[in-house]
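Notes to accompany the following structure.
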Amino acid sequence: MMDPVEKYRLLVEQFLRREIPVSKFQKTYLESFKNEATRFEDRIFEVLDRLFGDVDAYTDDGELLSMSPGQYIDEVELRLCAGNALRDFSQAKQGRRSRSIPLLGGGHGSK
């Protein structure tokens, strides 16, 4: 059986390499995380949970993006968030505290 963290890491890598479309990444990540039974160590959970929020905030609706900038993110910003999560997975597994790169305009994390 695959390590649960590895499952998420592979999904993020597929998305970043454009092997899967953003819609499939969003659906798969949200469903996987909502149904996850694994109890992760705190650092790993923080990375997964932060990415869950980012994935949940993604929309391709330009009207939503312009009406609520900070609440929703576009595909470019989601890819930045996914890249940060991939880096943070590695750092968390090595036991180092990670710092995310601040998102433009405060990002959706400022909810």
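Readers should treat all values here as calculations from the given coordinates under stated rules, not as data from a laboratory. Note that the structure is predicted; figures quoted are calculated from it, not measured. Note that we place each Cβ from the backbone using ideal geometry, even for glycine, and neighbour counts take in every protein chain shown.
Couple of notes before you dig in:
- Overall, the anisotropy analysis places segment 57-96 in the prolate class: the square-rooted eigenvalues a ≥ b ≥ c of its C-alpha gyration tensor yield a/c not less than 1.5, with a/b exceeding b/c.
- Ranked by how many other beta carbons lie within 10 Å on average, peptides 46-53, 3-10 from highest: 46-53, 3-10
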